[in-house]
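Taking it in order: structure first as structure tokens, then the write-up.
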Amino acid sequence: MDRYAQVMKVKRFDIEAGKLISVIHEIDAKELGVLPLDRIEITNLQNKKKVVTVVDTTTTMVGENEIGLFADVQKALGIKSKQAVEVKQSPQPESVALIKKKLEGKALSEKEIKQIVADIAHNKLSEIEASAFMAGVYIHGYTLDETAAMTKALVEDGKRIRFKKGPVVDKHSIGGVNGRTTMVIVPIVAALGCIIPKTSSRSITSAAGTADAMEVLADVSLSIKRIKKITEKTGGIIAWGGAVDLAPADDKIIRIEHPLSLDPEGQVIASVLAKKASVGSKFVVIDLPIGPGVKVSTREKAEVLSKKFVEIGKRLGMKVECTITNASEPCGNYFGAALEAKNALEILEGKYFDRVAEKSCKIAGILLEMSGKAKKGFGEKIAVETLKSGKALEKMLEIIKAQGARVLKSSGIPKAQFVAKIRAKNSGKAKKIDVKTLIKIARISGAPADQLAGVRMLVEKGKKIEKKSIIFEIHSENRQKLALAKKFALTKEPVEIK
């Protein structure tokens, strides 16, 4: 059906909005029959490129017969000067009706989910519409078929990396704990002949993500081409997943979920396994930390989630195993990017063997057994031997250098300018250590934006504590943030002494 069109002059706004938005005058909006948050189709009259944007209206930013285009839209249309474009109303995407279907609690077919993912990826849905979809998923959940369909749709919509040799293995932690086990696991399994293209996240709610900690040591914002080249050369990599389009629709969905901390189970499974499938992983270990204040609170929930991960992995041609780990106490004594990176390097350098090392060897052992690099029951033993022999350190240094080394020794990692020491008010034993509160203290001190900020624990659960002894330190580059973190720590008392 032909639609009414207007030719308008472009007014350029050299600002990236992160989405496709245009601005027109209220009078032109009435002529076109559109309201704010409706869609319009814009055609570059010179090169005939077309794009659909969400429209906003104004009486001040642009004049009549003028359209304001943000940098994202200018790039999509190839606009390089003040030129004319054709503007017309764009019909509502088909997926809007499918979103309503999900809100009503009805299951979606594979084809319907693919349509929604495509529309999210290509910015055809407004933020309100995409948020409504995630609300529907949060309320009603996914069936296993829907979860499998979402996983496939996310993979098909993004880019893929294919490696010439294998076995390709990977791991993922559902999160909510400290301790960068990935930075110990990757060099162990790569040193033993596995390919492990680890794309990791930055922190959203923790004191540091793996990408934040690895960035202390080397560059993590790598292109797909560099990830492939480095991984094929060294056997492993630790890169920031947000720098590549392995599953771009998933990255947009995560941004929608974040403000309200929506984390529907089915979407978590789809999100994790889509990124593993995108790099050709055949063997995957999922770490499910359980405890108060983390994403998975009980063993029962972890076991249900574990079965779903295994089943969806099977449908995608991946062998998935889940390990349920304890998150009721810290995984290691450090919270914060530089502190956790230092911890990982010190483990690799053989300075000590702590809870982070123990957990890393356990997960590495499972990967080695799954991939055939170790006999059943011997994976963890081989992982420990590889770590203690120095082979894992040698491999990690090779990976760091390939990623553009910043630091090669734990002693080379800088320390924060300011440190506050929190002391025990009385003697006794550490009955409880509140991981969630320690993460909050680290974040108040400046983590993860400030790489050097964080918390260093000096006690462990069950250990004896003397009155006035230091139980933990708070590190920061900002005096005011340090004072706020100290005040919060003294109020909340994350270490319970009995």
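The values are calculated or read from the model by the stated rules, or taken from the named source; none is laboratory data. Just so it is clear, the model here is predicted, and its values are computed rather than measured. No Cβ is skipped: glycine too gets one built from the backbone with ideal geometry, and neighbour counts run over all protein chains shown.
Assorted remarks:
- When residues in the stretch 272-308 are screened for being buried (at least 23 other Cβ atoms within 10 Å of the Cβ), assigned to a helix (DSSP H, G or I) and hydroxyl-bearing (Ser, Thr, Tyr), 1 of them pass.
- When the stretch 1-39 is filtered for residues that are outside any strand (DSSP E or B), among the charged types (D, E, K, R) and farther than 25 Å from residue 119 by Cβ, the ones remaining, listed by number, are 14, 26, 28, 30, 31.
- The residues listed here are 380, 460, 394, 369; of these, the one that is assigned to a loop (DSSP other than H, G, I, E, B), closer than 26 Å to residue 285 by Cβ and of a type in the set (Asp, Glu) is 460.
- Check on residue 169, surrounded by 21 or more Cβ atoms within 10 Å (Cβ to Cβ), part of a helix (DSSP H, G or I) and in contact (Cβ under 8 Å) with a residue 60 or more places away in the chain: no
- Filtering the stretch 131-147 to residues that are of a type in the set (Ser, Thr, Tyr) and either assigned to a helix (DSSP H, G or I) or buried (at least 21 other Cβ atoms within 10 Å of the Cβ) (or both) leaves 131, 138, 142, 147.
- Hey, residue 149 small (Gly, Ala, Ser), out of contact with any Cys (no Cβ under 8 Å at 6 or more places or on another chain) and touching a residue at least 24 places away in the same chain (Cβ under 8 Å) or not: yes
- Flag for residue 305 being farther than 20 Å from residue 360 by Cβ, modelled with pLDDT of 90 or more and under 20 Å from the mean Cα position of the chain (by Cα): yes
- Looking only at residues of the stretch 401-436 that are part of a helix (DSSP H, G or I) and in contact with a strand residue (DSSP E or B) (Cβ under 9 Å, 6 or more places away or on another chain), we find that the one that is modelled with the highest pLDDT is 402.
- Residue under evaluation residue 358, criteria (1) without any contact (Cβ under 8 Å) to a residue 60 or more places away in the chain; (2) under 25 Å from the mean Cα position of the chain (by Cα); (3) not assigned by TED's automatic domain parsing to the domain that holds residue 175, criterion not met: (3)
- Residue 46 meets each of the listed conditions (1) surrounded by fewer than 21 Cβ atoms within 10 Å (Cβ to Cβ); (2) polar (S, T, N, Q); (3) in contact with a helix residue (DSSP H, G or I) (Cβ under 9 Å, 6 or more places away or on another chain) apart from (3).
- Cβ-Cβ under 7 Å pairs, at least 6 apart or on other chains, the stretch 406-435 side under 14 Å from residue 460 (Cα atoms), far side of a type in the set (A, V, I, L, M, F, W, C) and part of a loop (DSSP other than H, G, I, E, B): 430/459; 435/177; 435/327
- Count of residues meeting criterion [buried (at least 20 other Cβ atoms within 10 Å of the Cβ) and either modelled with pLDDT under 95 or over 12 Å from residue 214 (Cα atoms) (or both)] in the stretch 326-350: 9
- Matching residues, the stretch 1-38, being under 19 Å from residue 120 (Cα atoms), under 30 Å from the mean Cα position of the chain (by Cα) and of a type outside the set (A, V, I, L, M): 16, 18, 19, 22
- For residue 128, the stated conditions do not hold, so it cannot be described as more than 16 Å from the chain's Cα centre (by Cα), in a helix (DSSP H, G or I) and closer than 30 Å to residue 450 by Cβ.
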